[in-house]
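Written below as C-alpha cells is the structure these notes are about.
Read the figures in this text as sums done on the coordinates, not as results from a lab. Every value quoted in this text rests on a predicted model; they were computed, and no experiment measured them. In this analysis, Cβ positions are derived from the backbone assuming ideal geometry, glycine residues included, and neighbour counts consider all displayed protein chains.
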Amino acid sequence: MREIIDSFDVLDDEDTQMGTFTHSWIQMRCVLILAQRLKPNFYGLPELTFDTAQKPYKPDVSVCPKRKPDVLHEPIRDPTPPLIAIEIVSPSQSARDIVLKVEEMLEAGVDTCWVIEPALETVTVCTRGKRYTYRCGETLDHPCLQAKVAVDEFFVE
C-alpha cells in the first residue's frame, strides 16, 4: 500500500515547472471564459490528457465536444485530441519547448493551439502552417465559440 501512496508523490517535469499562481490563475480564467463563450455542445476542461501514437499530451486547457462522463469505462488517456489545446507559458519554459509541443500536438490531430504568454499579455493562435499573435485590444474567434474572446480577458479580473 505504501508503494501506491508513494507513486502519487512523484511529479513529472511538467508538473514541477508549472503551478505558479499566475499560471493557475490564467488557467482558471480560461476555463471560466470558455464556459461562457463556447457553443453549448463543447466543454473547456483543464489538464485533460490525450493519447497519440507518439506520446500523451496534457494541455493546460482543452476544448472538446461534450459527452457524458463514463467513470467505469473511460480510458486513462482520452483517445481523441482536443479541438483547441491551450498552453500557458511558464517562466521556466523555453520558446523552443513550447513551439515543439505545439507542432507535435497539431501533427497529432489538434485543430488549433492557443499559446498564452503572460509576460507579454499575448495569445498566439497556431494551426497547421499558420501562426498569428493577438495582443490586448484584439479578439480571438474559433468555430467552437458562440462569441469572440478578447485577449484582455485572460489577464484581468
Find how much the distance from Ala35 to Ser92 grows on full extension, using 0.36 nm per residue of separation minus their present alpha carbon separation; answer in nm with one decimal. 17.7 nm
Over the chain, calculate the relative contact order: mean separation of alpha carbon pairs under 8 Å at least 6 apart, over the residue count, as a percent. 19 percent
If one takes the longest principal axis of the Cα atoms in the chain, at what angle in degrees, from 0 to 90 and to the nearest 10, does the Cα axis of helix 95-107 lie? 80 degrees
For a Förster distance of 25 Å, can you work out the FRET efficiency between the beta-carbons of Glu121 and Thr49, rounded to the nearest 0.05? 0.35
Please give the contour-minus-distance gain from Ser24 to Glu157: 0.36 nm per residue of separation, less the Cα-Cα distance, rounded to one decimal in nm. 46.5 nm
Considering the chain as a Gaussian network with a 10 Å cut-off on Cα pairs, which listed residue, Cys144, Cys30, Cys113, attains the greatest mean-square fluctuation? Cys144
The cysteines in the chain that find no other cysteine Cβ closer than 4.7 Å to their own Cβ are Cys30, Cys64, Cys136, Cys144
What is the total of Lys pairs in the chain with C-alpha atoms under 23 Å apart, excluding same-chain pairs fewer than 8 positions apart? 12
Under 10 Å, Cα contacts only: if you run a Gaussian network model on the chain, which one of Pro91, Pro81, Pro46 comes out with the highest mean-square fluctuation? Pro91
Can you tell me the orientation of helix 21-37 relative to the chain, as the angle in degrees between its alpha-carbon axis and the longest Cα principal axis, to the nearest 10? 70 degrees
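Evaluate Rg over Rh across the range 13-154, taking Cα atoms for both radii and Kirkwood's formula for Rh. Please report the intermediate quantities before stating the final value.
Values: Rg = 14.4 Å, Rh = 15.4 Å.
So for the range 13-154, dividing Rg by the Kirkwood Rh gives 0.94.
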